[in-house]
Amino acid sequence: MPRTVHLAVYDTLADWETGHATAWLARSGFTVTTVGPVADKPVTTIGGTRIVPDLSLEDLRPEDSALLILPGGDLWDTSDDLVPFAAAARRFLDAGVPVAAICGATAGLAREGLLDDRAHTSAISYYLAATGYLGGDHYVDADAVTDRGAGGVGDLITAGPTEPVAFAREVLGTMGAFKGSKLDAWYRLFHDSDPAAYEELNADDSGDAAGSGSADGSGSADGSGAADGSGAADGSDDSDDSDDSDTTDDSGTGGAMGGSERSPGGAAS
């Protein structure tokens, strides 16, 4: 499995949405490579930060990547400039490589038809409905959703703009950066500011963590697959139309550890 995660970057990128995910992936031994419309041509985020992409989109190949992350950004809703990034997401999923999209990027995937038959979430259901997509029956009102791919298709992670920590939880679990109780502790620490979670995250329990499991990120993850505690369903149960998905609540306990809990307050308003 490649150890490179590709982070899409473009003008109007929402700065706050992917930092938890990329920081802890990097601390777990992954290389984070930025992908822009054109390599070496700076883009400017909503916050005014200038980023020089490492790679151009036309040179991005799924076989070289462990994950594609698509942040939100105003351009998803105001122009067609980011359509090629949604098309890249299709190539990744078809190749069996996971894709993680948050905020406006979920609308881009909806327009591409990638949410029509897969469990997903976003800011709110009618935001995606406005795209004219056909996946409304698969919308889940939760903080973040992981739909496990079947038949060789890549996993799909989605979240709304106010859930960067839940988004990171799903990403880190899918990539094996943390597993089981370590993943739960990470989420409770950064989402709930739970001081007990810090102790749990730093506990010397090599059998439960995929890397160091430490808050200082001194170790590396093996990246060997989805976390066993991320709450992902394998599609083998007989629940409703989103039974292939990972839907979690905001409590931190059932959220990172369970497999089928849903929160009516998980989506952003």
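The values are calculated or read from the model by the stated rules, or taken from the named source; none is laboratory data. Note that the structure is predicted; figures quoted are calculated from it, not measured. Neighbour counts are summed over all protein chains in view; Cβ atoms, including those assigned to glycine, are modelled from backbone coordinates with ideal geometry. Note: accessible area is taken over every heavy atom of the protein model, side chains too, but ligands, DNA and RNA are not part of it. Shrake-Rupley method; radii C 1.70, N 1.55, O 1.52, S 1.80 Å.
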Rounded to whole Å², per residue accessible area for region 114-181 with a 1.4 Å probe reads 29
Charge dipole of region 1-125 built from unit charges on the beta carbon (Lys, Arg +1; Asp, Glu -1), centred at mean Cα; most positive-end Cα among L82, T106, T22 is T22
By the C-alpha gyration tensor axes a ≥ b ≥ c (rounded if a/c is under 1.5, else prolate when a/b exceeds b/c, else oblate), the shape of region 151-194 is oblate
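Select from region 1-73 those chymotrypsin sites (Phe, Trp or Tyr not before Pro) which occupy a DSSP coil region and have at most 13 other Cβ atoms within 10 Å, ordered by residue number.
none
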Reported to the nearest 10 Å², I124 has, with a 1.4 Å probe, an accessible area equal to 50
Row for region 64-216, column shape: gyration tensor on C-alpha, a ≥ b ≥ c, rounded if a/c < 1.5 i.e. under 1.5, prolate if a/b over b/c, else oblate; value prolate
Taking a ≥ b ≥ c as the square roots of the eigenvalues of the Cα gyration tensor, with a/c under 1.5 meaning rounded and otherwise prolate when a/b exceeds b/c and oblate if not, region 29-138 is oblate
With the 8 Å Cα cutoff and a minimum separation of six or more residues, region 71-139 has a relative contact order in percent of 30
If every Lys and Arg gets +1 and every Asp and Glu gets -1 at its Cβ, then about the Cα centre region 72-174 yields a dipole, in debye to the nearest 20, of 240
